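Reading through the structure tokens given below for one structure.
The values are calculated or read from the model by the stated rules, or taken from the named source; none is laboratory data. Quick caveat, the model's predicted, so the values are computed rather than measured. Heads up, the Cβs are rebuilt from the backbone with ideal geometry, glycines too, and the neighbour counts pull from every protein chain shown. Accessible surface is based on the protein model in full, side chains and every heavy atom, while ligands, DNA and RNA are left aside. Shrake-Rupley method; radii C 1.70, N 1.55, O 1.52, S 1.80 Å.
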Amino acid sequence: SSIPGAIIQDFSYVTRHGARHNLYSNDAPIKLLLFEPGDCSDCSFNRLRLQADVATGQLIKDGQLKIVLIRPGKPDADWDKAMADQPYQWEIGTSPDVDKLVDTRLLPGNYVLDQDNKIVMRNLTIDQLLNLSASLYRQDK
């Protein structure tokens, strides 16, 4: 199930560097799981805002937050090019079968997961995500 309170199923993906990983191998207390289609100008803008956000960056640096960005399906040259300049600390990959395990019908989409991979929130706006980062950052201090 892909509703808040449910535990998201583990799935594997191939990173932008060619390694095979799985969602559960990311052990940060909070995970931001992003699903993006191949071409999405709003996604580019949202990624830029996340990258520029001080609270989000510090949470990632402190190991409190992990961003996992997945493209359902297979990569192509445009996707590879768009992901090449994304932060190294972000886990970025593709998963052709993820739609069998996670609701990805509405793209772009996002899930906020706790340390047990339980869905805390789903499909937040970029402003809500940045507010969440700010709130978590203040709690961390």
Exercise. So how far apart, in nm, are the two label points at LEU124 and ILE3 if each is 7 Å from Cα heading toward Cβ?
Worked result: 2.1
Seminar exercise, completed: At q = 0.12, 0.16, 0.17, 0.19 1/Å the base-10 log of I(q)/I(0) from the Debye formula over the alpha-carbon atoms of the chain is -0.43, -0.80, -0.91, -1.18
Seminar exercise, completed: With every protein chain kept in place and a 1.4 Å probe, the residues TYR88, TYR24, TYR137, TYR13 fall, from largest accessible area down, as TYR88, TYR24, TYR137, TYR13
Exercise. When Lys and Arg each count +1 and Asp and Glu each count -1, what net charge do the other residues less than 11 Å away from VAL98, Cβ to Cβ, add up to?
Worked result: -2
Problem set entry | Most fluctuating residue given options GLN51, GLN86, GLN128, as computed from a GNM of the chain linking Cα atoms under 10 Å | GLN128
Exercise. When DSSP beta bridges are limited to those with both residues in the chain, what percentage is antiparallel, rounded to the nearest 5?
Worked result: 55
For this session: Check every DSSP H run in the chain and write down those whose alpha carbon atoms cover 20 angstrom or more along the long axis and whose mean Kyte-Doolittle hydropathy is -0.5 or greater.
Result: 126-140
Seminar exercise, completed: Restricted to pairs 8 or more residues apart or on different chains, the lysines in the chain with C-alpha atoms under 16 Å apart form a number of pairs equal to 6
For this session: Enter the accessible area of ILE67 (Å², nearest 10), with the probe set to 1.4 Å and all protein chains included.
Result: 0
Problem set entry | Gyration tensor (alpha-carbon) shape descriptor, the stretch 64-104, a/c threshold 1.5 | oblate
